[in-house]
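See structure below.
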Amino acid sequence: MKLFIKYIFTAVILLFFIKTLNGKNLMTMTWEIITDEVMGGQSEGGFKLLKDNNEEFVRLEGIVSTKNNGGFIQIRSKVNLENDFSSINFLARGNHDDYFIHIRTPLTFLPWQFYSIKFNVTDEWKSYTLELRNFKKSHVFQPSNFSADSIKTIAFVAYGKNYSAKLDIKNINFITYEK
């Protein structure tokens, strides 16, 4: 009973502080697969748009290889966000491993420049809310922070080690908290 009350209380508090919630339909987002093969790496991957209980999700799947200076596969989509937000919220599941979100802005024009945050998935759907202020820059010559309205692309990435990747994503939301 205490656990139930805790969840209800958390949901009420969260709804009180959320100002805007702009859900992105995965079927209307234009996803593309990018692997380290573009720079001579040997990782292979792909993505599928699937349904589970009539809910749409996108699956990133493949083999990440660090051979030949490689080590990533990603699905990326251009975004055109009309209002500012402070967090990205989504549901994810996968194969008990680490994955990343990479964000690119007009000031991350070189391939190795992006803002990144790591999250770990299990085989059960779980909600993740990742604050933009916690994203880390990848290169010393890019600004330390960025504004949400400057985001040009968002990517879900399997990165940095040899492994089989399987990541499912659904219900991507951009959240603005009232100040």
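The values are calculated or read from the model by the stated rules, or taken from the named source; none is laboratory data. Because the structure is a prediction, the values reported are computed rather than measured. So basically every Cβ, Gly included, is an ideal-geometry build from the backbone, and we count neighbours across all protein chains shown.
Considered as a group, the residues in region 1-56 that are surrounded by 13 or more Cβ atoms within 10 Å (Cβ to Cβ) and in a loop (DSSP other than H, G, I, E, B) include one that is modelled with the lowest pLDDT, and that residue is Leu26. Just one of the numbered conditions (1) out of contact with any strand residue (DSSP E or B) (no Cβ under 9 Å at 6 or more places or on another chain); (2) surrounded by 15 or more Cβ atoms within 10 Å (Cβ to Cβ); (3) among the polar types (S, T, N, Q) is not true of Ser77: (1). May I ask you to list the residues in region 62-88 that are closer than 18 Å to Ile172 by Cβ, in contact with a Gly (Cβ under 9 Å, 6 or more places away or on another chain) and not aliphatic (A, V, I, L, M)? Within region 62-88, just Gln74 meets the criteria.
Against the conditions (1) surrounded by 13 or more Cβ atoms within 10 Å (Cβ to Cβ); (2) under 19 Å from Lys161 (Cα atoms), where does Trp112 fall short? Just the number, please. Status for Trp112: all satisfied but (1). Might you check whether a residue that is of a type in the set (Lys, Arg), farther than 23 Å from Glu56 by Cα and part of a strand (DSSP E or B) occurs anywhere in region 123-139? Checked against the condition, which is being of a type in the set (Lys, Arg), farther than 23 Å from Glu56 by Cα and part of a strand (DSSP E or B), region 123-139 yields at least one hit.
Residues of region 77-108 being of a type in the set (Phe, Trp, Tyr) and either closer than 14 Å to Asp149 by Cβ or part of a loop (DSSP other than H, G, I, E, B) (or both), which ones? I'd like the intermediate steps shown before the answer.
So in region 77-108, the residues of a type in the set (Phe, Trp, Tyr) come out as 85, 90, 99-100.
Selection gives Phe85 alone.
For region 140-157, give me each residue that is in a helix (DSSP H, G or I) and exposed (fewer than 14 other Cβ atoms within 10 Å of the Cβ).
Hit for region 140-157 is Asp149, nothing else.
Pairing each residue of region 147-164 that is basic (Lys, Arg) with any residue that is in a strand (DSSP E or B), provided the two are 6+ apart or on different chains, yields C-beta distances under 6 Å for Lys152/Arg104. Determine if region 86-102 includes at least one residue that is closer than 21 Å to Glu55 by Cβ and exposed (fewer than 12 other Cβ atoms within 10 Å of the Cβ). Within region 86-102 (the criterion being closer than 21 Å to Glu55 by Cβ and exposed (fewer than 12 other Cβ atoms within 10 Å of the Cβ)), the answer is no, since none of the residues qualifies. Scanning region 106-129 for residues that are at pLDDT 95 or above and either of a type in the set (Ser, Thr, Tyr) or more than 13 Å from Phe156 (Cα to Cα) (or both) turns up Tyr115, Ser116, Thr122, Asp123, Glu124, Trp125, Lys126, Ser127, Tyr128, Thr129. Note on region 61-74: among residues that are among the aliphatic types (A, V, I, L, M) and crowded, with 19+ Cβ neighbours inside 10 Å, the one that is farthest from Lys48 (Cα to Cα) is Val64.
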